[in-house]
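The block underneath contains the structure these notes are about, expressed in structure tokens.
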Amino acid sequence: MSEWLTREEALERLKVRPQTLYAYVSRGRIGMRPDAADPRRSQYRADDIAALATRRARGRSPRAIAESAIDWGEPAFATSISTIQHGGLFYRGKDAVTLSGAATLEETASLLWAADVPVSFASPGRRDARESGRHAAFVTLAELAAEGRPSLGRGPAMLYRDAADAIAALAEALGTAAGNGAVHERLARGWSVGAAGANLIRRALVLLADHELNASTFATRVAASTGASVAACLLAGLATLSGPRHGRAGEALLNLVEDAERLGADAAVERWLGHDRPLPGFGHPLYPEGDPRAEALLADVEIDGCMSCLGEAVLGATGARPNIDFALAALTRQLRLPPDAPFRLFALGRSVGSAAHAVEQVVSNRLIRPRARYDGPVGI
């Protein structure tokens, strides 16, 4: 019978940081299962760890190290904006879950932007509310990007002013009502939900504000490194966020929920896995013990019977726990929001962190220009 190790034992044998261990798990290089004595914790297959430790001891070439860093590898940029450590998410040293207890997205922006003055995303009300959604968001940022001033040679204060204007326009495109109030209140008004719903929206936006160097943040920083306008940087991030493996995972989960309602939770999970489809809304390589953002939001969200059964079925089949996409889908079902509400919340919340990364990259004055390892035919 295989031996299984605790996280601490696995880290000690591999001599790596938790993020690296979680990356190995996400790539299928280390087996993981829930701890029978404490389902909130995970265990790791000792044989896999021993084999991996042996390969690591032989050393790797700089090229191999660089290639592995692209896929859940070691951090590629120095940043003071956010980090994930010991299963927690921190914005400039402050616990994001704790912050989400009362902070608004505007207050979170002030923190992430290290702003000296309050941040506002006031909306002039130029857009017809019926036009709101993903399409309107792309059109809005594309128009601003086409007209925006390059970011190089401009100070952080001016760049953040551009960011605030762009995010205000983006918020309106995503469905906020016009006005000077906090974006969560205006979004709740646009969706016709009450005060309790507005508070859930507020918390979700804060929890989504940043997440270290994820795919959309990387795209944002690449654009910023070229000197593109702030709106163009946000557009690059939005385009990357729109993929089903990123910001639209919540919508994909709603499809899985529909299958569970029709077929039953166990049958739906078996069907998705049988078609080699990843289960959206469950598991996260950086949070093997559970996504703290999901736990924080789900503490105040009523999970309906179907989603609850689905969560149990997935845990039993894969050991994966709900992540933030699951929480966004549960929130959408509870408040009867538009089907694309998970993406809208993700796009609006993450725009704040994207702006912070864009400005940090511009200030660093470094172009991001990786090299490719060519493995095609050799010309004559």
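The values are calculated or read from the model by the stated rules, or taken from the named source; none is laboratory data. Since this is a predicted model, take the numbers as computed values, not measurements. Cβ sites come from the backbone with ideal geometry, for glycine too, and all protein chains shown count toward neighbours. Remember, those area values only see protein heavy atoms, side chains included, never the ligands or the DNA or RNA. Shrake-Rupley method; radii C 1.70, N 1.55, O 1.52, S 1.80 Å.
A simple spin-label model places pseudo-atoms 7 Å from Cα toward Cβ; at residue 135 and residue 363 they are separated by 3.9 nm. Close amide H contacts of residue 4 (hydrogens built in the peptide plane, cut-off under 5 Å, sequence separation of 5 or more or a different chain): 46.
In a reduced charge model with +1 at each Lys and Arg Cβ and -1 at each Asp and Glu Cβ, the chain shows a dipole moment near 1140 debye about its Cα centre. Residue order by solvent-accessible surface for 275, 284 is 275, 284, largest first, with ligands and nucleic acids left out and a 1.4 Å probe.
Fully extending the segment from residue 36 to residue 180 would add 46.7 nm, taking 0.36 nm per residue of separation and subtracting the current Cα-Cα distance. Helices that extend 24 Å or more along their long axis by alpha-carbon positions and average at least 0.0 on the Kyte-Doolittle scale are, among the DSSP H runs of the chain, 156-173, 341-364. When +1 charges are put on Lys and Arg Cβ atoms and -1 charges on Asp and Glu Cβ atoms, the dipole computed for region 267-380 relative to its Cα centre reaches about 620 debye. Between residue 276 and residue 29, the distance separating the two model label sites (each 7 Å from Cα on the Cα→Cβ line) works out to 2.2 nm. Given R0 = 25 Å, the distance between the Cβ atoms of residue 80 and residue 149 translates into a calculated FRET efficiency of 0.50. For residue 149, the accessible area of its heavy atoms, probed at 1.4 Å with every protein chain present, is near 150 square angstrom. Accessible area per residue for the chain is 48 Å², calculated with a 1.4 Å probe on protein heavy atoms, without ligands, DNA or RNA. Positive-end ranking of 238, 182, 363 along the dipole of the chain, with charges on Cβ about the Cα centre, is headed by 363.
Think of the chain as having a plus end and a minus end, set by charges on the Cβ of Lys, Arg, Asp and Glu; of 102, 374, 303, 374 sits farthest toward the positive end of this dipole. These residues, 230, 363, 97, go from largest to smallest accessible area, 1.4 Å probe, as 363, 97, 230. Take the Cα of residue 17, step 7 Å toward its Cβ, do the same at residue 306, and the gap between the two points is 4.1 nm. Centre-to-centre separation between the Cα atoms of region 232-261 and those of region 1-55: 29 Å.
Against the empirical curve 2.2 N^0.38 Å, the C-alpha radius of gyration of the chain lands at a ratio of 1.02. Can you give the Kirkwood hydrodynamic radius for region 232-380, in Å, rounded to one decimal and based on Cα pairs? Across region 232-380, the inverse of the average 1/r is 17.2 Å. Ordered by 1.4 Å accessible area with all protein chains kept, 344, 33 run largest first as 33, 344.
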